1. Among the helices (runs of 4 or more DSSP H) contained in the range 18-100, which hold 1 or more residues that are out of contact with any strand residue (DSSP E or B) (no Cβ under 6 Å at 6 or more places or on another chain) and within 20 Å of residue 8 (Cβ to Cβ)?
2. Can you name every residue in the range 1-20 that is over 11 Å from the mean Cα position of the chain (by Cα), surrounded by fewer than 16 Cβ atoms within 10 Å (Cβ to Cβ) and under 19 Å from residue 79 (Cα atoms)?
3. Considering only residues that are in contact with a helix residue (DSSP H, G or I) (Cβ under 8 Å, 6 or more places away or on another chain) and more than 26 Å from residue 41 (Cβ to Cβ), look in the range 59-99 and name the one that is surrounded by the most Cβ atoms within 10 Å (Cβ to Cβ).
4. Test of understanding: among 31, 37, which residue is loosely packed, with under 14 Cβ neighbours inside 10 Å and under 12 Å from the mean Cα position of the chain (by Cα)?
5. Among all residue pairs at least 6 apart or on different chains, which show Cβ distances below 9 Å where the first residue, located in the range 12-38, is touching a residue at least 40 places away in the same chain (Cβ under 8 Å) and the second is assigned to a loop (DSSP other than H, G, I, E, B) and surrounded by fewer than 18 Cβ atoms within 10 Å (Cβ to Cβ)?
């Protein structure tokens, strides 16, 4: 069974690991939003540990971005895997998601 998890790394960084799919993303959206509340004003989400993602994974990033903005935080995504970046490009989200 596919798994995904969010790992806090200090108060300014979260690490996302595993497979981001329709099966794993629903539990991550709210958990990530709660973790963002405890983070610094500027947060980096490291995506290097993402093994695979479908469109639900991109939707998760957009949802977190929306949560962060409502909380008055800046959110950036670091080390997005090539497969996920290609999906963002095709979906016209590459300009929406703040990527490093």
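Every read-out reported here was derived from the displayed coordinates using simple, explicitly stated rules and does not represent laboratory data. Owing to the predicted nature of the structure, the values given are computational and were not obtained by experimental measurement. Neighbour counts run over all protein chains shown; Cβ positions are idealised from the backbone, glycine included.
1. Values: elements: 25-37, 55-70, 82-90.
Passing ranges, in order: 25-37, 55-70.
2. Result: 7, 8, 9, 10, 11, 12.
3. 87
4. Details: 37 fails: under 12 Å from the mean Cα position of the chain (by Cα).
Exactly one of 31, 37 is loosely packed, with under 14 Cβ neighbours inside 10 Å and under 12 Å from the mean Cα position of the chain (by Cα), namely 31.
5. Cβ pairs passing all conditions: 20/2; 20/54.
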